[in-house]
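A.B. asks: This is the structure I want to talk about, given as structure tokens.
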Amino acid sequence: MSEETHPETNSDQIIARLEALLFVAAGAVLPSQLATALDLPQRVIENNLELLENRLAIQDPPRGLRLQRHHGRVQLTTSPDIAPVIERFLGLETSNRLRGCPGDFSHHRLPATCHST
């Protein structure tokens, strides 16, 4: 069966799964880790990472995320164009946490919630 017709190797499916894995990853990961997680050859992962990178970089309208490569690892990062908005938001988020959720220092990609004990 060809890559275009097999659901597990369809590029759109692979890209969606890569994007989700990169979103939940605690940091930069090796393509081989992604290949293992998706049970696909590393060359398929590399090809689809390149497609994802291009989609994020040149999509119109622009996207808020980019794929960053560093020392053989990849991770999702925010677009540099949106830095001022993110800085303002994180400043507001920190302010809200300090007022409403003492001791809550959740990672900025996860929802900040207060749990009463």
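A.B. asks: Return yes when Phe89 is assigned to a helix (DSSP H, G or I), exposed (fewer than 15 other Cβ atoms within 10 Å of the Cβ) and either at pLDDT 95 or above or in contact with a Leu (Cβ under 7 Å, 6 or more places away or on another chain) (or both) and no when it is not.
C.D. replies: no
A.B. asks: Kindly provide the set of residues from segment 37-65 that are at pLDDT 95 or above, of a type in the set (A, V, I, L, M) and surrounded by fewer than 11 Cβ atoms within 10 Å (Cβ to Cβ), ordered by number.
C.D. replies: none
A.B. asks: Return only the number of the condition from (1) over 11 Å from the mean Cα position of the chain (by Cα); (2) under 23 Å from Arg63 (Cβ atoms) that Asp39 does not satisfy.
C.D. replies: Every condition holds for Asp39 apart from (2).
A.B. asks: Given the criterion of a type in the set (Val, Ile, Thr), surrounded by 14 or more Cβ atoms within 10 Å (Cβ to Cβ) and modelled with pLDDT of 90 or more, identify the matching residue among Val24, Val29.
C.D. replies: Going through Val24, Val29 in turn, the sole match is Val29.
The values are calculated or read from the model by the stated rules, or taken from the named source; none is laboratory data. Since we're looking at a predicted model, the values are computed, not measured. Please note: Cβ atoms are built from the backbone with ideal geometry, for glycine as well, and neighbour counts cover all protein chains shown.
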